[in-house]
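The values are calculated or read from the model by the stated rules, or taken from the named source; none is laboratory data. Bear in mind that the values here come from a model prediction, so they are computed numbers and not experimental data. We place every Cβ from the backbone using ideal geometry, glycine too, and count neighbours over all the protein chains shown.
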C-alpha cells in the first residue's frame with residue numbers, strides 16, 4: 001500500500017497568463033540578448049580607441065567623415081522613439097488599432113533610417129580596407145546597421161501579424177517587447193555616432 005501523498009501543490013491557476021515587463025519570460029530573454037549584443041558594441045568601441053592611441057593623426061591620412069547623413073540618422077532614430085513608446089503603450093492596453101497605427105509609423109521610421117544609412121557609408125570618406133581606421137569605422141557602422149535592419153524586418157513581420165491575426169493576448173507581449181529592443185538600438189547609436197563622427201574632430 002502506497003503512503004498518502006503529502007506534497008504541497010501550489011495553485012497557479014489564479015496567475016495571469018499574459019504579463020508585460022520583467023514579470024514575463026520574453027522580457028528577460030530580450031534583456032539577456034541586449035546584454036550580449038551590448039557587450040559586442042563595447043568591445044568594438046574599445047578597439048576603436050585602442051587603434052586611436054597607436055597613431056598621431058586620426059583619421060590617418062584621410063578626411064573626417066561627413067556629418068550630414070549621420071546627424072540626420074541620429075535625429076531620425078531619436079524621433080522614432082515616440083511611435084515606439086506609443087506602440088508599446090497601446091500593446092499593453094491590448095489596443096489593436098493603436099498598435100497597427102503606431103507600429104506602421106515605427107516601421108516607416110526604421111525604413112528611413114536604413115535608407116539614410118546607405119548614404120552614410122559614402123560620407124565616411126574612407127573604404128573599409130584603406131587602413132585600420134577605415135576597418136573599425138566600417139565595422140561599427142555595419143554592426144549597428146545589421147541591428148537596425150534586423151529589427152525593421154522583425155517589426156514588419158509583427159505589423160503583418162497585427163494586420164492579419166490571430167491577435168491573442170500573448171501576441172501583444174511581442175508587440176510590446178519589440179519597442180524595448182528598438183530602444184536598445186537607438187540608445188547605442190548615440191555613442192557610436194559620437195565615436196564615428198565627433199571623435200575624429202575632438203581627438
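Residues in region 77-106 that are surrounded by 19 or more Cβ atoms within 10 Å (Cβ to Cβ) and closer than 21 Å to residue 190 by Cα were compared, and the one that is farthest from the chain's Cα centre (by Cα) is 83.
Inside region 144-203, can you point out the residues that are over 17 Å from residue 97 (Cβ atoms), more than 20 Å from the chain's Cα centre (by Cα), loosely packed, with under 14 Cβ neighbours inside 10 Å and touching a residue at least 40 places away in the same chain (Cβ under 8 Å)? Listed by number, the residues that qualify are 170, 201, 203.
Considering only residues that are part of a helix (DSSP H, G or I) and either more than 20 Å from the chain's Cα centre (by Cα) or at pLDDT below 95 (or both), which ones fall in region 120-134?
To start, the set of residues in region 120-134 that are part of a helix (DSSP H, G or I) comprises 120-123, 132-134.
Of everything in region 120-134, those that are part of a helix (DSSP H, G or I) and either more than 20 Å from the chain's Cα centre (by Cα) or at pLDDT below 95 (or both) turn out to be 122, 123, 132, 133, 134.
Here residue 100 passes the criteria (1) within 21 Å of residue 37 (Cβ to Cβ); (2) at pLDDT 95 or above except the one numbered (1).
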